[in-house]
Amino acid sequence: MSKRHFVTVAVLVVVSAGAWGLSTLRAQETAAAPEDIAAGLRIYRQKADCQSCHGWAADGKKMDSQMPDGANLRTTKLDRAKLVIAIKCGVPGKMMPAFDKFAYTDGRCYNLKQADLQRMNATLPDPPATLQNREIEQLADFLFAKVVGKGPMDRAKCIEFWGSDVSACGEFPK
């Protein structure tokens, strides 16, 4: 391969990688589809049962006294990518379960396997259910559309969350 041909190929690789990176960034910035946000809400409330630890308002006020204290997701500083990793991989030693069925089987999470967690004495609770990648993305869509950085819960957000003015919304002024 001539030096000139090598340089041309190298430039094409760099330009292609940059274009791919920009398209990926743009995809992350686009608003989630309403049906994905709605699916994420259902996953939060039902399948993953996030509200047991994080509270129905995702403010860290858990609904089940037997469950561990969850983080206030309204004030989290995690970006989308880090939140997705936390959902998939859990947080070893912090009682956040891993929702990826294969989280610690092949090193995909923090480059650790189950044996590494045992050696570190870092436990993870079992999740109420495992989630597929698409469901994790929908859960993140919901959290970033309705929770993360949206401020404290108020009456209007409560009614939107529950779909009607339920008794839980009574704690917020009209």
Would you mind getting the Kirkwood hydrodynamic radius of the range 85-154 from its Cα pairs, rounded to one decimal in Å?
13.1
Collect residues whose amide H, placed 1.01 Å from N in the peptide plane, falls under 5 Å from the amide H of Asp59; neighbours closer than 5 in sequence don't count.
Leu73
Classify the range 33-171: rounded, prolate or oblate, from the alpha-carbon gyration tensor (a ≥ b ≥ c, eigenvalue square roots; a/c under 1.5 rounded; otherwise prolate if a/b is larger than b/c)?
prolate
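For a Förster distance of 25 Å, can you work out the FRET efficiency between the beta-carbons of Arg108 and Lys77, rounded to the nearest 0.05?
Values: r = 24 Å, r/R0 = 0.95.
It comes out at approximately 0.60.
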Taking 0.36 nm per residue of separation and subtracting the Cα-Cα distance, what length does fully extending Asp64 through Asp126 add?
20.7 nm
With Cβ to Cβ distances under 13 Å as the rule, what net charge do the other residues near Ala122 carry (K, R +1; D, E -1)?
+2
When Lys and Arg each count +1 and Asp and Glu each count -1, what net charge do the other residues less than 13 Å away from Ala39, Cβ to Cβ, add up to?
0
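With an 8 Å cut-off on Cα pairs and a minimum separation of 6 or more residues, tell me the relative contact order of the range 33-171 in percent.
Reported as a whole number, the value is 27 percent.
Values quoted throughout were computed directly from the atomic coordinates according to the rules given, and no laboratory measurement underlies them. Just so it is clear, the structure is predicted and the values come from calculations on it, not from any experiment. We place every Cβ from the backbone using ideal geometry, glycine too, and count neighbours over all the protein chains shown.
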